[in-house]
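These notes concern the structure reproduced below.
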Amino acid sequence: PAAGLLRVFASERRARIDNALARGRAESRLSVAEERYQSLVESLPLVTYRRDLTERAPFTYLSPQLDALVGAAPSAWLADPGAYFAAIHPSDRERVAGALGNWLARGGRFELEYRVNRADGQVVWLLDEAITSTAPDGTPFGLGSLRDVTESRYLQARLEEAQRMEAVGRLAGGV
């Protein structure tokens, strides 16, 4: 009987050790996957973010590319929820606030272009795109990106101006 008890004890002990080793390997794989994901997110040519949708959409995460895009450290916008709205061009603030309010109320997809004043005084056009998701506890949150579309805005304006000039030229030629 003692030998049988010893085998059961050894078997249970071995099972606990195997479980601990398996848990350690799983945690290691998870850590590697998290590092790869963070590396991917932080190497994209855009800012990625997460917003808390239960309030006036303060950011809970901003990727480091924010500094290069708008000249503000992510920690500054995370520490001061008003810093984001303060950076938005005054002519666009009301439109952005309204669009964010609608998104907070209905969820789904968010897409908006607006201007931001960089810390160095330059104005940058951003394309802000996001989706709504839900945490396991049921709390809604937004995942999105901010992308610099200043150059495409500039080229679009030049194209429209050229088309206007061409139309004026046609009208003047026909008179």
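The values are calculated or read from the model by the stated rules, or taken from the named source; none is laboratory data. Just so it is clear, the structure is predicted and the values come from calculations on it, not from any experiment. Ideal geometry is used to build each Cβ from the backbone, glycine not excepted, and the neighbour counts take in all protein chains shown. Each accessible area value is taken on the protein alone, full model and side chains, heavy atoms only, with ligands, DNA and RNA left out. Shrake-Rupley method; radii C 1.70, N 1.55, O 1.52, S 1.80 Å.
Per-structure values
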{"quantity": "Per-pair calculated FRET efficiency, R0 = 41 Å: Arg16 and Ile131 via Cβ, rounded to 0.05", "calculated": "0.45"}
{"quantity": "Stretch gain in nm, segment Ala172-Phe85, where the contour uses 0.36 nm per residue and the Cα spacing is subtracted", "calculated": "26.7 nm"}
{"quantity": "Relative packing of 160-172, 142-154, which averages over residues the other C-beta atoms within 10 Å, highest first", "calculated": "142-154, 160-172"}
{"quantity": "Angle between the chain longest axis and helix 2-43 axis [Cα atoms, degrees, rounded to 10]", "calculated": "10 degrees"}
{"quantity": "In degrees, nearest ten, helix 93-106 long axis to first principal axis of the chain (Cα)", "calculated": "40 degrees"}
{"quantity": "Relative packing of 108-116, 64-72, which averages over residues the other C-beta atoms within 10 Å, highest first", "calculated": "64-72, 108-116"}
{"quantity": "Top of Arg16, Arg158, Arg106 by mean-square fluctuation, Gaussian network on the chain, Cα under 10 Å", "calculated": "Arg16"}
{"quantity": "Accessible area per residue, Å², the chain with all protein chains present, probe 1.4 Å", "calculated": "65 Å²"}
{"quantity": "Descending Cα extents along the principal axes, the stretch 116-169, whole Å", "calculated": "63, 29, 11"}
{"quantity": "Virtual spin-label span in nm between Ala26 and Arg158, 7 Å along Cα→Cβ", "calculated": "5.6 nm"}
{"quantity": "Convex hull volume per residue for the stretch 85-149, taking Cα atoms only, in Å³", "calculated": "89 Å³"}
{"quantity": "Gain upon complete extension [Tyr61, Thr139; 0.36 nm per residue less C-alpha separation]", "calculated": "26.5 nm"}
{"quantity": "Degrees, to the nearest 10: 150-174 long Cα axis against longest axis of the chain", "calculated": "30 degrees"}
{"quantity": "Percentage of interatomic Cα-Cα distances in the stretch 40-102 larger than 14 Å", "calculated": "60 percent"}
{"quantity": "The chain, accessible surface, carbon-and-sulfur percent (1.4 angstrom probe)", "calculated": "57 percent"}
{"quantity": "Rh by Kirkwood over Cα pairs, then Stokes-Einstein D for the chain at 0.692 mPa s and 37 °C, µm²/s", "calculated": "162 µm²/s"}
